[in-house]
Amino acid sequence: MLFRSMTLASIRAAGIIYASSACALGVAWELMAGAWRPFTPDYRFTGTVDANAQGLTCAILAISLITYQPATRIVNTIRRLAVVLAMILLLLTQSRGATIALLVSLLALSLMRRKHAGRLVAIGAMSIVTCALLVALVVDIPKLETRFRATVSLQRDTVGAEYAGDARFEVWKLCLTQIRYRPLLGFGYGTFWSKERMQQFQDSLGWTVTQSHCGYIQIALDVGLIGLIGMAATFTMALIEYSHIYRVTLDSGAKFATAVIVIFLTGMLFESINATTYITNILTLCMVTRQVLSMKHSAQIVQAR
């Protein structure tokens with residue numbers, strides 16, 4: 001059956017192939033378009049999409065490689081180099097949500113295996129510091145301080161807000177006021193952001209808004225609190241199951257699945273990634289579908305007995 005062939009290792013391999021190809025294509029595109037300017041303070045690596053989507057792709061590439069255990073030393077060396085490159089590109093995207101999601105996933109993995117917590121946290125911290133230093137080393141000396149500070153601090157223009165994050169907070173406030181009109185069933189999937197409502201938000205905020213910038217709020221707007229609770233319960237159950245498998249068996253595939261779901265759930269706090277075709281959505285849905293089908297198959301076996 002389909003779910004039997006959809007192994008965690010094959011899903012991770014697909015994630016590595018897609019994410020690495022997307023990152024390579026993004027760099028190539030920016031080079032050809034003349035947009036590759038990593039030495040300028042206001043630069044954000046966007047590739048062929050937007051910076052936040054590219055950031056999540058870099059985060060998935062990093063976590064896929066971190067959870068991968070190659071058999072040969074040469075492949076392992078290449079893997080470590082690729083992790084560093086993925087971290088550098090992630091920092092260049094200046095995506096706060098993707099960076100936080102990756103760090104949260106690393107922290108979650110370390111807490112599940114307490115005896116390895118110090119090592120994993122140390123590796124994660126060293127990787128980030130190494131990436132920041134490598135970025136700084138390739139910058140021209142006159143621009144070193146500015147570029148280094150902008151990259152490490154994720155310094156960005158905050159249009160429509162005085163402080164970083166204020167823009168999202170204002171959007172969330174307006175969206176929450178709308179949820180109360182249809183709290184249980186929502187406004188219908190994909191129908192909330194009409195031209196009239198986007199114009200209403202623009203008039204209130206002074207800048208164009210096309211999404212709620214929070215996946216959980218977006219789900220509540222689309223299918224209500226009932227749909228949000230159902231979605232949260234399903235994904236949480238899959239997360240608990242994969243984390244249990246990882247704690248008991250130390251299976252690298254379960255480790256990867258746990259990390260990806262954590263990245264997805266964390267990333268949903270900052271972007272409406274559930275309403276897009278981000279790689280995090282595809283991989284997480286594969287994980288959840290596989291787990292649900294596996295549980296159904298196990299139940300059928302029990303009933304047959």
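Just checking, does the range 232-251 include any residue being open to solvent by 20 Å² or more (accessible area, probe 1.4 Å) and within 21 Å of residue 169 (Cα to Cα)?
no
Residue-wise test of (1) at pLDDT 95 or above; (2) surrounded by 13 or more Cβ atoms within 10 Å (Cβ to Cβ); (3) within 18 Å of residue 255 (Cα to Cα).
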site: 28; (1), (2), (3): yes, yes, no
site: 41; (1), (2), (3): no, yes, no
site: 72; (1), (2), (3): no, no, no
site: 84; (1), (2), (3): no, yes, no
site: 88; (1), (2), (3): no, yes, no
site: 94; (1), (2), (3): no, yes, no
site: 97; (1), (2), (3): no, yes, no
site: 100; (1), (2), (3): no, yes, no
site: 114; (1), (2), (3): no, no, yes
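Residues in the range 218-227 that are surrounded by fewer than 22 Cβ atoms within 10 Å (Cβ to Cβ) and under 21 Å from the mean Cα position of the chain (by Cα): how many? Spell out how you get there, then give the answer.
Taking the range 218-227 and keeping what is surrounded by fewer than 22 Cβ atoms within 10 Å (Cβ to Cβ), we get 223-227.
When the remaining residues are screened for being under 21 Å from the mean Cα position of the chain (by Cα), the result is none.
Residues in the range 218-227 being surrounded by fewer than 22 Cβ atoms within 10 Å (Cβ to Cβ) and under 21 Å from the mean Cα position of the chain (by Cα): 0 in total.
Look through 256, 270, 187, 264 and report the one residue that is modelled with pLDDT of 90 or more, on the phi < 0 side of the Ramachandran plot and open to solvent by 20 Å² or more (accessible area, probe 1.4 Å). Working first, answer last.
Details: 256 fails: open to solvent by 20 Å² or more (accessible area, probe 1.4 Å); 270 fails: modelled with pLDDT of 90 or more; 264 fails: open to solvent by 20 Å² or more (accessible area, probe 1.4 Å).
None of the others qualify; the one that does is 187.
The values are calculated or read from the model by the stated rules, or taken from the named source; none is laboratory data. In this text, all values refer to a predicted model and were calculated from it rather than measured experimentally. A quick note on method: Cβ atoms are made from the backbone with ideal geometry, for glycine too, and the neighbour counts reach across all protein chains shown. Remember, those area values only see protein heavy atoms, side chains included, never the ligands or the DNA or RNA. Shrake-Rupley method; radii C 1.70, N 1.55, O 1.52, S 1.80 Å.
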